[in-house]
1. Looking only at the stretch 23-52, count how many residues are over 17 Å from ALA166 (Cα atoms) and touching a Gly at 6+ places or on another chain (Cβ under 7 Å).
2. If GLU144 satisfies all but one of (1) acidic (Asp, Glu); (2) over 18 Å from the mean Cα position of the chain (by Cα); (3) not in a helix (DSSP H, G or I), what's the number of the condition it fails?
3. I'm trying to understand the selection: among the residues of the stretch 168-187, which are more than 21 Å from GLU12 (Cβ to Cβ) and in a strand (DSSP E or B)?
4. Are there any pairs with C-beta distances below 9 angstrom linking a residue in the stretch 20-37 that is more than 25 Å from ILE143 (Cβ to Cβ) and modelled with pLDDT of 95 or more to a residue that is among the β-branched types (Val, Ile, Thr) and surrounded by 14 or more Cβ atoms within 10 Å (Cβ to Cβ), with the two at least 6 apart or on different chains, and if so which?
Amino acid sequence: MPALIPTEFSAEVTWLGLVPDRQSDLCAVPQTELMMWFSGPEGDSHSGLTRPSCSRVTSLHLRGTEIRNVRQLSIVAAEDLQEIAAKIGLEALDPAWLGATLVLSGIFDFSHVPPGSRLQATNGTTLVVDMENRPCNLPARVIENAQPGHGKAFMKSAKGRRGVTAWVEREGVLVLGDQLRLHIPDQPVWAGLASAKT
């Protein structure tokens, strides 16, 4: 019996980008297509089968510990970008400023799709959602440099709207206009979730 349920929800790829060197600049460079290898998007500095651990996992690992890279991609929803832009007083928010890999349009409340969900293109290319991405000050600085006076509000305005991190489960090419179908785990919400968060 399949453990993943194909849903009726799908999203269109409206933007693609890669970050050539995140040490020098977080900004992504727009692309018309991206090759997704098991190690991540070709040419992106977030790619790799492993990565040094960061502040997000310090409850598990000392910073800099080599761990599995489940943050190969940053995926955001066009609808969330528009909401963030409105909250920080801009007409639009350039996904390049966030170092985004993909912008998708069409899945409601995209930042909260269940971890372990799959996004699959018609050619079979498949991405696995790791978890919700949390706002940080790196995009805020880029926004502030591009649009002075607007970056400081980013972290608060992007809470719950920052998209998800993901990794490549099945290799293939993604191009602008591709439709990605959402598959979710066939699993109830864990009964201990509420008490674990307290």
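1. Of the residues in the stretch 23-52, the ones over 17 Å from ALA166 (Cα atoms) are 23-27, 29-33.
Now drop any that are not touching a Gly at 6+ places or on another chain (Cβ under 7 Å), which leaves 26-27, 29-31.
Result for the stretch 23-52: 5.
2. (3)
3. Correct list: PRO185 only.
4. Going by the 9 Å Cβ cut-off, the qualifying pairs are GLU33/VAL175; MET36/THR125; MET36/THR126; MET36/VAL168; TRP37/VAL168.
The values are calculated or read from the model by the stated rules, or taken from the named source; none is laboratory data. Values in this document were obtained by computation on a predicted structure and should not be read as measured data. Counting neighbours? That spans all protein chains shown, and the Cβs are built from the backbone with ideal geometry, glycine included.
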